[in-house]
Amino acid sequence: MALSDILTIKLISKNDNNYCFNCIGSIDAHSSQALEEFNKIPANSKVMLDFKNIERVNSMGLSLLLKIFEEWESKSIKIEIKNLNRMVNMLFKITGLGRFLKGGDSKGVSAPNSKKIISPKSLGRTDKLADSSKPADNAKLNFVVSLQSGAQLSGWYLFNTYLQRRMQRAIHFEQEQDKKSGNTDLYFSKPFEACAMIHKKGFIPLLRPIGDADEVVILVRQDDSRELTDFKNVNVVTASEGSFVNLLGRFLCDENGLDSSNFNYQFAGNEIKALQLLIRKKADLLFMLKKTYAGLSSFGKKSIRILDESKTDFAFHHFCVAPYMKQEANELIKTLEGMVDDEQGKKILEDIQFEGWCKPEEGELKMLKLVYERYTID
């Protein structure tokens, strides 16, 4: 961790029970000790936090802040935060912490006219991904993967073979978009889909890719000279409605002074089809996973350009298992985490474009669940 990433908290002024702090660096899983400074604040105080020098707040950092703010509220401590950069400001609004911002409100929603913007139907085939049946001992397992980019496909087939050899068990591999029916035992899923399976099916999140958060780019055709602020009441295409990419795309537009609830949306089913609709002038804007954009050929990129992009470090794909696979969970974790120390495993990680695997922090899952519940219609 770079020195500039370490959170530093400095008391700037104290007048009776009014406190002003300057916060410097990044707020993440390593910030717990620095944040203990705030435990000294007495009840009925007023606290001003200046985030001018905060570079980054990730999901774990937001979880830590939420815990502190909720404790302060129970002690009637008034909270005000100012000078957030654009991405941190956006994350506060997404998670509902926007009420603590200077001049903020309690809504913090993406679409002004619809707080709940994701329907269960838009989350894809989660109802078809699993049932309550436990496979017979040594029966073939079903492994469903939601690709982050098409370039990963061959690597995931190799990954599946790698798992079969180490688990000594037959595993059937299938892309999520091709899933027809039957159980899902192992699931590498997008952020909101993971939440749906954890909440509705009792799936267990084991691991996530290291440093590989889902981010979004907003794309336009190369021959369209407009800037993002010029795109009012336009046609927008993205892969699916119930994705974190769609939510982030909408927030980026709203943060640029647009009203994303006034867009006309098309959901193409996958990102390549969405790109084709943009290029064919069937849409004006495209919300795309940043990793997919990075994997496009130079020819594909020549037809489009980036208008905006997120840098939130917030939501991740997760490797989950069905609830009846608790006994296999520890062995799976050991196998996946050990890939970085195994020559064959390292090669497969390169093919699926991962640095490695790590366990998700409790705070990360908490914040993702909060966002999922905030924007999903029950």
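The values are calculated or read from the model by the stated rules, or taken from the named source; none is laboratory data. This structure is a prediction, so every number in the text was calculated from the model and none was measured. Here Cβ is always computed from backbone atoms with ideal geometry, including for glycine, and neighbour counts include all displayed protein chains.
Of the residues making up region 66-82, one or more are of a type outside the set (V, I, T), touching a residue at least 40 places away in the same chain (Cβ under 8 Å) and not assigned by TED's automatic domain parsing to the domain that holds M367. The listed residues are E331, E364, E337, E343, and the only one of them that is assigned by TED's automatic domain parsing to the domain that holds E176, within 30 Å of K200 (Cβ to Cβ) and surrounded by fewer than 16 Cβ atoms within 10 Å (Cβ to Cβ) turns out to be E331.
Restricting attention to region 187-217, the residues being assigned to a strand (DSSP E or B) and of a type in the set (K, R) number 1. Condition test on E373, is it at pLDDT below 95, part of a helix (DSSP H, G or I) and surrounded by fewer than 18 Cβ atoms within 10 Å (Cβ to Cβ)? It is true that E373 is at pLDDT below 95, part of a helix (DSSP H, G or I) and surrounded by fewer than 18 Cβ atoms within 10 Å (Cβ to Cβ). Are there any pairs, at least 6 apart or on different chains, whose C-beta atoms fall under 6 Å, with the first in region 254-269 and under 26 Å from S149 (Cβ atoms) and the second assigned to a strand (DSSP E or B), and if so, which? Listed pairs, sorted by first residue: S260/A111; F263/V236; Y265/V236; Q266/V237; A268/V237.
Out of E373, E309, E337, I need the residue that is over 25 Å from M87 (Cα atoms) and of a type in the set (D, E). Which one? Just one listed residue meets the conditions, E337. In summary, C320 fulfils each of the numbered conditions (1) crowded, with 16+ Cβ neighbours inside 10 Å; (2) assigned by TED's automatic domain parsing to the domain that holds L163; (3) not in a strand (DSSP E or B) with the single exception of condition (3).
Each row is one residue, and each column tells you yes or no for (1) over 25 Å from Q175 (Cα atoms); (2) not in a helix (DSSP H, G or I); (3) not assigned by TED's automatic domain parsing to the domain that holds E355.
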| residue | (1), (2), (3) |
| --- | --- |
| L219 | yes, yes, yes |
| T229 | yes, no, yes |
| G242 | no, yes, yes |
| G249 | no, no, yes |
| Q266 | no, yes, yes |
| I272 | no, no, yes |
| A283 | yes, yes, yes |
| L286 | no, yes, yes |
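Evaluation of K291 against the conditions (1) in contact with a Ser or Thr (Cβ under 9 Å, 6 or more places away or on another chain); (2) in a helix (DSSP H, G or I); (3) assigned by TED's automatic domain parsing to the domain that holds F159 shows that the sole unmet condition is (3).
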